[in-house]
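Engineer: Have a look at this one.
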Amino acid sequence: AARREARLARIDRIARPLAALGLGWLVAPIRIAAGDRSPAQMKAVGSQIAVPVLGIVAFLLAWAALAPRVETSLGAIPGPAAVWEQATTLYGEHAAERRRAAEFYERQAERNEKLVAAGESERVKWRDYTGRPTYPDQILTSLKTVAIGFLIGTLVAVPLGIACGLSPTFNGAINPLVQIFKPVSPLAWLPLVTMVVSALYANASAALPKSLVISAITVTLCSLWPTLINTAVGVASIDKDLLNVSRVLNLSTRKKLTKLVLPSALPLIFTGLRLSLGVGWMVLIAAEMLAQNPGLGKFVWDEFQNGSSNSLARIMVAVLTIGIIGFLLDRAMQALQAAFTHSAAR
């Protein structure tokens, strides 16, 4: 009994980190496995595991039953089995491309070794493999793009939000601009961003191609507003008594920001960051389609233009990938919020 209680106590200690990671549904099964078979744990398993699983199964059954009845110019809408088949095919293509790359570098190394052995070191050349990007490569490109756009947006939105929260005058000057630009679609920003980047970023580097920069800036312009607004609200809602205490103690501006403003406003700042990251990931797909950044958006557009019998299934793979990655990004931000804030509000 003592060992059982010790196990349950350890489980209770990891319950909050698991909940922050979106894995709170694991707590009840773990407690049951440790010997706690109370009705409360059984009910938690039913509500947190059985009900979502039943919902997913019902969705898959409805999808499999209804998809073949919808005919398009490319054939019937693919069901779950066809989508899974194309997902495995895409991974197989990725593995084959990696093998070709490895063989290319192996042949290149052998050729250069022969040149060095023959005393012709000046003819040694090292070239990068220029094969087409595979599906996992395109996922990584999209993640890199949204990370750059989100980082730039955060660096702009958080200081502006703090200034708006601390200064009603500054807030009054900025608020009309926020309300005007906040609803603008990425499709409207993209032509302007393309022209500006083309004019100012003529000599693009290989690490940051022009299409990636255009997509990232478009993400920034569309995603910074939730962070800005939530930061301003969080700073403006700080307890006035705390601000009065900071004046009495004659705290410097730096200490006031680091010891009072940021800790108090952090829960709402993280709420804004989560919203901004979700908006940025959603906007990114449209931006990549038009900017031809080699990410998931371009993959969807290329498959749509391709028009093969497998295109619809591949587009469905991309749709599911986008949704799953968006969910994981939100969970990551939620875990950071739980780690750096003490508010129960999520």
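The values are calculated or read from the model by the stated rules, or taken from the named source; none is laboratory data. Predicted model only: the values in this text are computed from it and were never measured. Counting neighbours? That spans all protein chains shown, and the Cβs are built from the backbone with ideal geometry, glycine included. What goes into the accessible areas is simple: the full protein's heavy atoms, side chains included, and nothing from ligands, DNA or RNA. Shrake-Rupley method; radii C 1.70, N 1.55, O 1.52, S 1.80 Å.
Engineer: Please state the relative contact order of segment 1-47 as a whole percent: Cα pairs under 8 Å, 6+ residues apart?
Structural biologist: For segment 1-47, the relative contact order is 33 percent.
Engineer: So what's the convex hull volume per residue for the Cα atoms of segment 1-85, in Å³?
Structural biologist: Given the Cα convex hull of segment 1-85, per-residue volume reads 121 Å³.
Engineer: To continue, here is another question. Excluding ligands, DNA and RNA, what is the solvent-accessible area per residue of the chain at a probe of 1.4 Å, expressed in Å²?
Structural biologist: The answer is 58 Å² per residue.
Engineer: When ranked by the protection proxy of mean other Cβ atoms within 10 Å per residue, highest first, what sequence do the peptides 231-244, 84-97, 59-72, 208-221 form?
Structural biologist: By packing density, highest mean first, the sequence is 208-221, 231-244, 84-97, 59-72.
Engineer: While we're here: Could you work out what % of the accessible surface of segment 1-104 is carbon and sulfur, using a 1.4 angstrom probe and leaving DNA, RNA and ligands out of the count?
Structural biologist: Ligands and nucleic acids excluded, carbon and sulfur give 68 percent.
Engineer: Considering segment 161-234, what Rg and Dmax in Å follow from its alpha-carbon atoms?
Structural biologist: According to the Cα coordinates of segment 161-234, Rg and Dmax are 15.1, 44 Å.
Engineer: Next up: Post the alpha-carbon centroid distance, segment 204-259 to segment 1-38, in whole angstrom.
Structural biologist: One Cα centre to the other: 37 Å.
Engineer: Between the alpha-carbon centers of segment 89-130 and segment 296-336, tell me the distance in whole angstrom.
Structural biologist: Measuring centre to centre over Cα atoms gives 32 Å.
Engineer: Rg and Dmax in Å for segment 187-328, alpha carbons only: what are they?
Structural biologist: Computed over the Cα atoms of segment 187-328, radius of gyration and Dmax are 20.9, 73 Å.
Engineer: Convex hull over the alpha-carbon atoms of segment 90-249: what's its volume per residue in Å³?
Structural biologist: 214
Engineer: Read through the labelled values (i) 16.5; (ii) 18.3; (iii) 28.9 and report the label of the one computed as mean projected area of the Cα convex hull in nm² from the structure.
Structural biologist: From the options (i) 16.5; (ii) 18.3; (iii) 28.9, the structure gives (iii).
Engineer: Given 4 °C and 1.567 mPa s, compute D for segment 73-127 with the Stokes-Einstein relation, Rh being the Kirkwood radius over Cα pairs; round to the nearest whole µm²/s.
Structural biologist: So the translational diffusion coefficient is about 89 µm²/s.
Engineer: While we're on this one: With each pseudo-label sitting 7 Å past Cα toward Cβ, what's the A1-V51 distance in nm, one decimal?
Structural biologist: Calculated label separation equals 3.4 nm.
Engineer: For K114, give me every one of the aspartates and glutamates with a C-alpha distance below 16 angstrom, ignoring sequence neighbours fewer than eight places off in its own chain.
Structural biologist: Reachable aspartates and glutamates: E106, E122.
Engineer: While we're here: What percentage of all Cα-Cα pairs in segment 255-346 are separated by more than 22 Å?
Structural biologist: When every Cα pair of segment 255-346 is considered, 45 percent fall beyond 22 Å.
Engineer: Something else: Suppose the chain between A40 and N112 were pulled fully straight at 0.36 nm per residue; how much longer would it get relative to their current alpha carbon spacing?
Structural biologist: Net length gain for the segment: 19.1 nm.
Engineer: Sort 317-324, 151-158, 30-37, 112-119 for me by packing, meaning the mean count of neighbouring Cβ atoms within 10 Å per residue, highest on top.
Structural biologist: Averaged packing, sorted descending, gives the order 151-158, 317-324, 30-37, 112-119.
Engineer: On to the next question. Calculate, axis by axis, the spread of Cα positions in segment 38-183 along the three principal axes, and write the results as whole Å, longest axis first.
Structural biologist: 73, 57, 50
Engineer: Per DSSP helix of 4 or more residues, -39500 (n - 2.57); summed, then divided by the residues of the chain. What does that give at 222 nm, rounded to the nearest 500?
Structural biologist: The helix-only estimate for the chain comes to -25500 deg cm²/dmol at 222 nm.
Engineer: Take the cross-link list K144/K255; K210/K298; K144/K210 and give me the ones stretching past 24 Å between alpha-carbons.
Structural biologist: Checking Cα-Cα distances, K144/K255 exceed 24 Å.
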